[in-house]
2 protein chains.
Amino acid sequence: MNDTVKYVLSEERIPKFWYNLTADLPVPPPPVLHPGTLKPVGPDDLAPLFPMALIAQEVSTEREIEIPQPVREVYRQWRPSPLHRARRLEKALDTPARIYFKNEGVSPAGSHKPNTAVAQAFYNREAGIRHITTETGAGQWGSSLAFAGAVFGIEIDVYMVRVSYNQKPYRRALMETYGARCVASPSNETASGRAILAKNPNHPGSLGIAISEAVELAAQRDDTKYALGSVLNHVMLHQTVIGQEAMAQFELANDYPDVVIACTGGGSNFAGIAFPFLGAQLRGGKHVRVIAVEPSACPSLTKGAYAYDFGDTAHLTPLTKMHTLGSSFTPPGFHAGGLRYHGMGPLVSLVKELGLIEARAYHQTPCFEAGVQFARAEGIVPAPESNHAVRAAIDEALRCKEEGVSRSILFNLSGHGHFDMQAYIDYQAGNLLDLEYAEDEVALALAGLPSVPAE
Amino acid sequence: MNDTVKYVLSEERIPKFWYNLTADLPVPPPPVLHPGTLKPVGPDDLAPLFPMALIAQEVSTEREIEIPQPVREVYRQWRPSPLHRARRLEKALDTPARIYFKNEGVSPAGSHKPNTAVAQAFYNREAGIRHITTETGAGQWGSSLAFAGAVFGIEIDVYMVRVSYNQKPYRRALMETYGARCVASPSNETASGRAILAKNPNHPGSLGIAISEAVELAAQRDDTKYALGSVLNHVMLHQTVIGQEAMAQFELANDYPDVVIACTGGGSNFAGIAFPFLGAQLRGGKHVRVIAVEPSACPSLTKGAYAYDFGDTAHLTPLTKMHTLGSSFTPPGFHAGGLRYHGMGPLVSLVKELGLIEARAYHQTPCFEAGVQFARAEGIVPAPESNHAVRAAIDEALRCKEEGVSRSILFNLSGHGHFDMQAYIDYQAGNLLDLEYAEDEVALALAGLPSVPAE
């Protein structure tokens with residue numbers, strides 16, 4: 001009996017190309033709009049924020065984009081990440097399902113985020129950039145860019161949502177260990193930060209505000225660019241190493257997924273694992289059910305409008321067409337900080353509109369319940385974000401049991417929970433709240449969106 | 001150019017045997033003595049604490065002991081652990097040295113400890129044991145046994161040194177996530193705990209006290225045994241998967257270490273990586289310099305006596321001949337909780353006495369300096385314990401640079417530091433103290449050792 005529990009590939013099997021789903025979609029993605037004119041942006045409009053190589057990737061329609069050798073060299077430290085067969089979890093669930101997970105928690109910063117952080121830092125260094133500004137919520141992205149900055153000799157300034165900055169000193173310590181500077185947002189270092197602090201000196205901050213601060217500084221300084229850890233097309237692109245590796249590992253396993261599952265905040269770990277499978281399907285390959293899982297307290301894909309919106313609170317960023325709860329919406333408190341974003345990545349939104357994927361939402365308590373069950377079976381404590389994928393995977397496996405059918409279920413374990421143990425303490429003490437989002441606030445936020453003339 | 005950065009083996013390459021150094025030593029290890037009679041113990045004396053299979057391993061002189069299939073099945077989740085070539089660190093140091101590290105931080109609990117926790121839990125389950133008691137300091141061992149208990153369906157009670165229990169709630173949360181019960185020691189659950197609390201209700205606890213509590217309970221209950229995470233021969237044995245894998249990985253790298261380095265608390269991660277290389281040397285293979293690195297504040301190998309001593313404070317355990325600072329000695333405060341033990345594993349002590357290894361001691365500040373340099377180059381934040389090995393490896397690499405010689409340096413990265421970020425915060429704030437141990441306290445502790453008649 002073949003009872004392998006992890007499928008390992010050698011360094012040479014790290015993908016040589018990122019996969020661009022745009023090339024295989026039946027329709028082109030809607031254009032990105034300028035925040036002032038509401039007209040489609042050109043490369044020059046984005047140049048203050050990003051190096052040209054990334055702007056080119058953002059709008060590329062090429063199917064394959066070569067991964068530069070220096071990026072692959074850094075990837076080799078932890079890639080290809082292992083594909084695990086969760087045999088002990090299957091046994092605990094007494095399910096005929098075959099459950100697989102891709103473990104992105106093995107990266108230096110503990111999540112999938114370094115896949116794009118390393119690429120972005122590389123292209124910035126090639127463009128002669130010395131500083132990068134960014135935002136972070138839970139800290140997964142900030143610590144990943146801090147790591148990438150250390151590798152390529154770029155100074156990183158991370159604007160960290162103040163409530164997380166205060167609650168998660170160890171994430172902050174990780175960024176500082178890598179040599180990054182970490183600033184609580186809203187801060188006094190930017191006009192957008194100062195404006196908010198003038199109204200409320202104790203403002204807890206939000207991802208939208210932190211983005212405004214980071215973008216504002218990058219736009220002002222010649223040697224400084226901005227980096228975003230999700231949402232944008234080039235970020236989705238860089239993450240496709242996950243799904244490409246998984247496809248090769250499924251060949252080793254002599255299997256193919258019936259269902260692919262990932263959690264969605266801005267959509268990047270989801271795109272990373274799902275897009276290569278969707279692309280294969282669009283090119284005539286096997287059909288795969290793809291499920292995006294989001295928090296009930298911030299349900300952009302399942303409850304948001306598909307509309308043009310800004311990426312940030314101060315409306316400094318371009319507008320993209322996406323599923324959104326409105327850029328002025330603030331979700332109620334929950335632990336998966338990486339899923340607390342008003343909008344969904346435009347490409348993920350588009351495949352949802354095209355009917356290529358499903359979406360569902362869970363409250364956090366059942367997700368932590370699944371995460372603890374997973375940890376006791378498989379030994380790995382997932383990040384709160386990843387627990388959403390674990391919940392859906394377990395539910396699909398239980399459905400297999402009910403129906404007496406063996407399906408192959410793949411989910412992306414986007415990160416480990418080593419810096420999120422307070423959430424597990426709260427869960428085990430019965431102190432997690434499953435808050436509903438305010439529907440009227442979303443309605444108001446959506447009503448405030450700019451009206452964009454039809455193309 | 002072959003510029004591989006990690007050497008990966010497939011699951012089938014997990015060793016099929018543990019390697020027992022005793023078989024290749026020129027002298028037999030000194031016997032273990034009964035705490036009452038001071039005469040050599042027999043298997044029956046140890047039976048209240050350990051299942052017979054482990055007692056047999058403790059005194060075995062067989063060179064190879066087969067790893068049971070169910071243990072290898074659990075190992076497969078993270079083993080073989082990767083051997084990394086630290087190319088970015090080499091470049092940062094501008095050294096001709098070839099620096100390799102074995103990354104044991106990839107295990108579920110984040111260190112080498114699950115290698116023996118899984119084996120011990122398996123043999124206990126085979127013996128029909130339902131509960132295991134143990135102690136933990138920093139929490140690496142407690143969380144590893146908690147994981148192993150979850151896998152084999154054994155209830156785990158961890159007596160955690162009170163000061164760590166209070167300072168490290170996230171380690172505790174990890175154990176509880178795995179389903180273990182974690183109790184602050186000294187506790188009211190044991191006679192030894194109550195005796196100490198009667199004198200000082202706020203006693204901060206120590207590893208020696210926590211061992212007394214765990215041993216006391218195991219000795220009293222039929223369905224309960226005790227497990228120790230280091231020091232004993234069978235623990236060293238289980239850890240030899242590390243060095244055996246490293247030897248296979250060095251073949252892939254077409255290289256062989258000139259120097260092997262590991263930190264030493266009780267000695268198990270050191271034995272794990274070093275004993276297979278020492279054994280090969282004793283059987284006529286290539287000579288390897290082996291360096292044990294310990295904290296200057298608890299320097300058992302470099303400053304302790306080689307004498308018979310107890311493993312615990314209440315003197316409930318058998319006596320072993322080892323390098324010891326005296327079982328009543330309490331080291332001053334420092335962050336590497338896993339290295340805060342008065343004695344050294346008997347086998348590690350013996351190879352030191354035989355002149356087969358070197359030992360050196362460092363204060364914690366230069367170790368954290370090395371750890372941060374390593375993290376910025378290689379992306380992995382080491383545990384405070386492992387920073388001692390990193391320090392010595394960097395020093396050896398710098399010596400290569402001075403001498404203009406390229407040597408191959410292997411060190412064991414025994415664990416990651418994700419649950420030790422407070423130590424990094426203290427280091428970066430300049431708040432680490434490099435305290436000296438009290439020489440008079442050691443002299444007093446050593447003077448109090450029982451006098452054992454010569455064999």
Could you check, for the stretch A:142-153, whether at least one of its residues is away from every other protein chain (no Cβ under 11 Å) and either open to solvent by less than 10 Å² (accessible area, probe 1.4 Å) or among the small types (Gly, Ala, Ser) (or both)? yes
Checked the stretch A:59-114 for anything of a type in the set (Lys, Arg) and within 13 Å of chain B (Cβ to nearest Cβ); matches are A:72, A:76, A:79, A:85, A:87, A:88, A:91, A:113
Taking the stretch B:6-24 and keeping only residues that are within 11 Å of chain A (Cβ to nearest Cβ), open to solvent by 20 Å² or more (accessible area, probe 1.4 Å) and among the hydrophobic types (A, V, I, L, M, F, W, C), one is left with B:8
Taking the stretch A:93-123 and keeping only residues that are in contact with an Asp or Glu (Cβ under 7 Å, 6 or more places away or on another chain) and of a type in the set (Val, Ile, Thr), one is left with A:99
The helices (runs of 4 or more DSSP H) lying entirely within the stretch A:173-241 that contain at least 1 residues which are under 23 Å from residue A:153 (Cα atoms), at pLDDT 95 or above and not hydroxyl-bearing (Ser, Thr, Tyr) are A:207-220, A:233-239
When the stretch A:116-134 is checked residue by residue, the ones that are more than 25 Å from residue A:15 (Cβ to Cβ) and open to solvent by 10 Å² or more (accessible area, probe 1.4 Å) are A:128, A:129, A:130, A:131
Among residues of the stretch A:435-455 being assigned to a loop (DSSP other than H, G, I, E, B) and touching a strand residue (DSSP E or B) at 6+ places or on another chain (Cβ under 6 Å), the residue nearest to the other protein chains (Cβ to nearest Cβ) is A:449
So the helices (runs of 4 or more DSSP H) completely within the stretch B:22-91 holding 1 or more residues that are among the charged types (D, E, K, R) and touching a His at 6+ places or on another chain (Cβ under 8 Å) are B:43-46, B:52-59
The one condition residue B:159 fails out of (1) more than 13 Å from every other protein chain (Cβ to nearest Cβ); (2) closer than 30 Å to residue A:86 by Cβ; (3) touching a helix residue (DSSP H, G or I) at 6+ places or on another chain (Cβ under 6 Å); (4) not in a helix (DSSP H, G or I) is (2)
When restricted to A:423, A:445, the only residue open to solvent by less than 30 Å² (accessible area, probe 1.4 Å), over 30 Å from residue B:381 (Cβ atoms) and of a type outside the set (Ser, Thr, Tyr) is A:445
With the first residue restricted to the stretch B:64-76 and required to be under 12 Å from residue B:11 (Cβ atoms), and the second required to be acidic (Asp, Glu) and surrounded by 14 or more Cβ atoms within 10 Å (Cβ to Cβ), Cβ contacts under 8 Å at 6 or more apart or on different chains are B:76/B:11
Would you mind stating whether residue B:165 is more than 17 Å from the chain's Cα centre (by Cα) and assigned to a helix (DSSP H, G or I)? yes
On the basis of being among the basic types (Lys, Arg) and open to solvent by less than 10 Å² (accessible area, probe 1.4 Å), does residue B:102 make the cut? yes
* Is it fair to say residue A:377 is out of contact with any Lys or Arg (no Cβ under 7 Å at 6 or more places or on another chain) and either open to solvent by less than 30 Å² (accessible area, probe 1.4 Å) or more than 19 Å from residue A:334 (Cβ to Cβ) (or both)? -> no
Per the filter on the stretch A:386-434, residues in a strand (DSSP E or B) and within 14 Å of another protein chain (Cβ to nearest Cβ) are A:413, A:415, A:416
Of the residues in the stretch A:361-385 that are in a helix (DSSP H, G or I) and in contact with a Gly (Cβ under 8 Å, 6 or more places away or on another chain), the one that is farthest from the other protein chains (Cβ to nearest Cβ) is A:385
Filter the stretch B:68-93 for residues that are closer than 20 Å to residue A:105 by Cβ and among the charged types (D, E, K, R); the one that is most open to solvent (accessible area, probe 1.4 Å) is B:76
**Prompt:** Has the stretch B:30-52 got at least one residue that is more than 14 Å from every other protein chain (Cβ to nearest Cβ), touching a residue at least 40 places away in the same chain (Cβ under 8 Å) and hydroxyl-bearing (Ser, Thr, Tyr)?
**Reply:** no
Condition check for residue B:108: over 19 Å from residue B:238 (Cα atoms) and outside any strand (DSSP E or B):
no
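The values are calculated or read from the model by the stated rules, or taken from the named source; none is laboratory data. Predicted model, so just to flag it, every value in this text is computed and none were measured. FYI the Cβ positions are ideal-geometry reconstructions off the backbone, even for glycines, and counts take in every protein chain you see. Heads up: the accessible areas ignore ligands, DNA and RNA and are worked out on the full protein's heavy atoms, side chains in. Shrake-Rupley method; radii C 1.70, N 1.55, O 1.52, S 1.80 Å.
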